[in-house]
Amino acid sequence: MEAVLRCEGLVKRFDDRAAVDGVGFEIAAGETYGLLGPNGAGKTTTISMVCGLLKRDEGTVIVAGEPIDTSSVEERRAIGYVPQEIALYPDLTARENLRFFARLYGLSDRMDERVDEVLDVVGLTDRADDKAEEYSGGMQRRLNIGIGMLHEPDLLILDEPTVGVDPQSRNAILDSVAALGSLGMAVLYTTHYMEEAERLCDRIGIIDEGRIVAEGDRRELIGLIGEADTVTLQITGADGCAERVAAIEGVESAQLEGEELIIIAHNAGSLLSEILVVVRDAGATVKGVNVDEPDLEAVFLHLTGKALRD
Amino acid sequence: MTTALLLARKDLVQRLRDRSFLILGIIAPFFVAYILSLVAGPVYDYGFSADYAISDETGSVGEGLAEGLVDSGFGAEVVGSEDAARALVDDGEASAAILIPAPSPVGDPPPIVVYGDLDDGTAVVVAESIAESIANQSDAVRVLITETGNPASVGAYLGQEPPVGWVQGDAGDKVLDGITYLSVGMAIFFLYFTVQASIINIVEERMNGTLQRLLMAPVGRGSILFGKTLSSSLTGLLSMVVLVVATTLVLGAAWGPVWGVALLSLAAVVNAMGLGALIGTYARNAEQASQFAGIVATVLAFIGGVFVPISTEPGLFDTLTRISPHRWLLDGFGANSGTGTVVDVLIPTLVVAGIGVLLGLLAFGRRSKLTGVV
């Protein structure tokens with residue numbers, strides 16, 4: 001599939017320090033790519049260069065087939081940008097904010113229709129004519145995202161859009177972002193929240209100290225550290241059950257400890273139904289199931305020697 | 001152009017909704033001028049308690065002038081000679097003397113002399129206005145000279161052209177009356193706050209991320225800059241228009257010809273924009289930018305004589321006051337309000353606008369500090 005965003009060898013130095021040092025990745029249409037890293041890792045600097053807001057020292061950025069740099073104008077139409085800050089005009093209503101940016105992007109012909117669509121997507125139709133300053137933080141964040149996607153860009157860039165948001169609003173924002181990929185947009189999502197990257201992103205680039213240290217989908221990244229999943233079954237009447245489960249292809253080990261059968265397996269989720277059938281055939285009754293998978297936090301720790309929130 | 005208009009319209013709507021334009025641009029300057037005209041009338045206005053001595057060698061003007069002054073609440077006395085009138089001033093019994101000479105049958109008409117101490121500048125300013133009105137009504141007397149309180153110097157200037165630089169040259173023609181002085185002063189003072197608030201809005205937009213959004217839009221950066229400039233200019237000029245009309249109708253201020261007011265207002269706006277933009281490049285955030293701009297505008301207004309009419313005697317202080325655009329603007333509006341020439345209006349206009357452009361260019365050189373775009 002043709003990449004909507006292709007960046008290669010991005011370098012940005014501030015004085016002698018390289019804030020971004022050779023970053024490169026691609027995002028296809030409909031794909032959500034997460035740039036996961038702690039504060040100061042180089043995420044915002046990277047996307048500033050991708051947007052053409054920051055002059056890069058080295059590297060190339062191609063969006064929708066067009067090179068992007070700080071002098072690009074018309075090429076920026078392919079990019080939607082949601083900054084980390086709540087970048088709204090508080091004295092204007094949500095509708096006025098959207099209409100202003102719609103005009104700026106030349107959407108005059110179908111402005112009202114598109115504004116209504118976006119208000120619907122971000123769930124603000126009922127409050128569309130209230131001033132943005134009267135919104136809760138979560139509603140402002142959703143409007144912030146709405147402005148970025150207003151002109152239906154090929155590439156939507158979201159820079160940590162859930163920072164400082166309460167859990168309920170955060171869920172609403174993540175749902176909105178999850179819907180973007182299905183609209184066919186390529187989404188670049190930066191975050192230092194591991195669970196957001198896991199939930200939203202098709203592929204993830206782990207960035208630290210200005211470099212992408214690993215890239216892939218969640219399973220591939222976890223595979224890098226060689227850790228397997230742990231499945232714990234609470235069972236009764238399990239004589240001989242452990243041996244049968246251990247014989248399943250993909251299961252590394254199965255061990256009965258009291259009424260708990262502890263199974264170590266790679267990609268346990270895909271094996272779970274087979275495991276349950278074997279256990280049932282062995283005459284055991286399953287009372288509970290728990291699957292523990294290694295997460296990206298563990299991957300990050302393994303790759304960088306530090307926690308994501310350091 | 002469409003983008004610039006769109007941005008300017010958005011900025012204006014914001015300024016109207018947050019009421020900063022109404023407060024800084026219209027209500028504050030008008031009411032401060034109005035209140036000062038009431039409270040500080042004795043300093044600025046005709047209503048103060050000055051006493052004037054009048055000598056009249058024509059025999060036809062003095063009595064009527066004295067009656068008029070008394071009717072207006074001043075003290076006025078017609079004395080028998082110029083020496084007697086000067087003596088009253090020297091003795092502190094009169095604020096200023098208006099010396100009206102006899103018409104000369106040949107040659108240039110002799111000058112009316114206003115004799116007073118510039119330390120009592122307001123009384124002299126008022127006397128100048130009175131003398132000017134007489135001069136304007138008399139074919140025989142056209143030249144006006146303002147004197148210091150040094151009696152020995154009086155004779156040297158009688159019948160001569162005023163020396164260059166002496167009390168704004170032929171100052172009597174270019175001095176604002178009290179109410180107009182207050183109106184012009186307050187309008188200029190608050191104009192700087194109004195215009196700079198618009199420019200500082202760029203810093204605010206940088207801080208809250210909307211500037212990045214604007215820069216991400218498929219429009220030229222020049223259009224964004226032009227839009228911001230346009231909104232700043234419009235707020236400044238709109239503020240001036242409202243204040244000129246309001247102070248003229250309500251307070252009776254005499255601003256002079258519209259073309260002069262327009263030119264000087266435009267120059268003030270350019271200057272305020274350049275200054276505001278430069279200040280913005282040194283501020284870390286909008287709050288700091290507002291503080292810096294407020295301090296600079298207030299200091300310049302003080303130096304320029306917005307709050308207290310300043311001595312215009314040549315010297316170091318006079319030179320120092322000319323670092324303030326407010327001083328140039330007061331001079332320009334004075335010339336426009338009085339009978340100054342076109343050049344007397346154009347020079348301050350060009351100086352103030354020129355400094356504004358220079359400051360704007362310096363700010364442009366530091367634009368990455370203002371926009372955050374490296």
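Between residue A:253 and residue A:110, the FRET efficiency estimated from the beta carbon spacing at R0 = 60 angstrom works out to 0.50.
Net charge dipole, the protein assembly as shown: roughly 1160 debye, given to the nearest 20, about the Cα centre with Cβ charges of +1 for Lys and Arg and -1 for Asp and Glu. A convex hull fitted around the alpha carbon atoms of segment A:3-223 yields 117 Å³ per residue. Think of chain A as having a plus end and a minus end, set by charges on the Cβ of Lys, Arg, Asp and Glu; of A:265, A:84, A:251, A:84 sits farthest toward the positive end of this dipole.
Taking the charge dipole of the protein assembly as shown about its Cα centre, with +1 at Lys and Arg Cβ atoms and -1 at Asp and Glu Cβ atoms, the residue from A:289, B:242, B:285 reaching farthest to the positive side is A:289. Along its principal axes, segment B:231-374 has C-alpha extents of 51, 36, 25 angstrom, given from the largest down.
Convex hull volume per residue, computed on the Cα atoms of segment A:228-293, equals 65 Å³. The mean number of Cβ atoms from other chains found within 10 Å of a Cβ in peptide A:70-83 is 3, as a whole number. The amide H of residue B:256, built 1.01 Å from its N in the peptide plane, has no neighbour under 5 Å, considering only residues 5 or more places off or on other chains. So if we plug the beta-carbon distance of residue B:90 and residue B:342 into 1/(1 + (r/R0)^6) with R0 = 45 Å, what FRET efficiency do we get, rounded to 0.05? Using R0 = 45 Å, I get an efficiency of 0.70. Between residue A:69 and residue B:27, the modelled label-to-label distance comes to 5.1 nm, taking each label 7 Å out from Cα in the direction of the beta carbon.
Distance between the pseudo-spin-label points of residue A:62 and residue B:368 (7 Å out from Cα toward the beta carbon): 2.8 nm. A straight line joining the Cα centroids of segment A:1-26 and segment B:277-294 runs 34 Å. Suppose R0 equals 35 Å; then what is the FRET efficiency for residue A:171 and residue A:239 from their Cβ-Cβ distance, rounded to the nearest 0.05? About 0.20, to the nearest 0.05.
What is the percent of Cα-Cα separations in the protein assembly as shown that go past 46 Å? Roughly 44 percent, rounded to a whole number.
Beta bridges assigned by DSSP with both partners in the protein assembly as shown are antiparallel in approximately 60 percent of cases.
The trypsin sites (Lys or Arg not before Pro) of segment A:255-310 that meet both conditions, a loop assignment by DSSP and at most 12 other Cβ atoms within 10 Å of the site Cβ, are A:306, A:309.
Segment residue B:262..residue B:81, full-extension length gain: 60.7 nm, with 0.36 nm per residue of separation and the alpha-carbon distance subtracted.
Every number here is computed from the coordinates shown, using simple stated rules; none is lab data. As the structure is a prediction and not an experimental result, all values here were calculated from the model. Here the Cβ is made from the backbone with ideal geometry for all residues, glycine too, and neighbour counts use every protein chain on show.
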